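J.: Just passing along the structure, written as structure tokens.
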């Protein structure tokens, strides 16, 4: 393997890690193994700290392919909690509002999910990496600033109800979607369409293009995996 010429690696991002944490960890281990101080390493598609799953990491000259890889269709499995919202639409912030759920049935959830198939408009979350006048939306939101983001057109290729728990008022869904889709925002919109509220309580990216999570490397086992590879060492 030639990490300077460029390699594409796929990891199962652990819970509570930022995408930056994962890239920094991989870069550090690669630099140590190659005996270099610097190595270009980047990722194709951010995952929130509370999300797990497929994270595509590019090294060396392969970082030029990041835009291409980010454009691939993605698949997620998400669990939604109905009847409450949070400012960031997941568990990173505490619940700010509660809503009635007595009217929500499995049949109604299935009916509402079908409304999100195809081309839709979605307003990204205020707590997101979208830029406003050159600044990240989440930086402004965390400072208590009002954040207004314009809706984006995206495509939901598939949306499927995997499980519905009427007692806990939770639903697990599978979503196949285009680049730029925020599953947190989708949870918000599903809650509104149900005339209630919703937020994510778990999120896992199970596929990016043809890369499936079951084929990904584990971060904690990367050092041992690296030791088994035949690696092109940099010229001195």
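The values are calculated or read from the model by the stated rules, or taken from the named source; none is laboratory data. Just so it is clear, the model here is predicted, and its values are computed rather than measured. As a convention, Cβ positions derive from the backbone with ideal geometry for all residues, glycine included, and neighbour counts pool all protein chains shown.
J.: Residue check: is residue 30 in a helix (DSSP H, G or I) and in the same structural domain as residue 221 (by TED's automatic domain parsing)?
T.: Judged against the criteria, residue 30 is a match.
J.: I would also like to ask the following. Please give the number of the condition residue 70 fails out of (1) under 16 Å from residue 177 (Cβ atoms); (2) touching a helix residue (DSSP H, G or I) at 6+ places or on another chain (Cβ under 9 Å); (3) at pLDDT below 95.
T.: If we test residue 70 against (1) under 16 Å from residue 177 (Cβ atoms); (2) touching a helix residue (DSSP H, G or I) at 6+ places or on another chain (Cβ under 9 Å); (3) at pLDDT below 95, just (2) comes out false.
J.: Let me ask something else about it. Got a sec? Which of 194, 200 is within 17 Å of residue 49 (Cα to Cα), surrounded by 20 or more Cβ atoms within 10 Å (Cβ to Cβ) and either in the same structural domain as residue 100 (by TED's automatic domain parsing) or modelled with pLDDT of 95 or more (or both)?
T.: The match here is 200.
J.: Any chance you could count how many residues in segment 154-171 are within 12 Å of residue 106 (Cβ to Cβ) and surrounded by 16 or more Cβ atoms within 10 Å (Cβ to Cβ)?
T.: Summing the residues that are within 12 Å of residue 106 (Cβ to Cβ) and surrounded by 16 or more Cβ atoms within 10 Å (Cβ to Cβ) in segment 154-171 gives 4.
J.: Right, next: Scan segment 146-177 residue by residue and report those that are at pLDDT 95 or above and part of a loop (DSSP other than H, G, I, E, B).
T.: If the condition is that a residue be at pLDDT 95 or above and part of a loop (DSSP other than H, G, I, E, B), then 166, 167, 168, 169 are the ones that fit.
J.: Select, from 44, 78, the only residue that is in the same structural domain as residue 216 (by TED's automatic domain parsing), crowded, with 20+ Cβ neighbours inside 10 Å and in contact with a helix residue (DSSP H, G or I) (Cβ under 8 Å, 6 or more places away or on another chain).
T.: The unique qualifying residue is 44.
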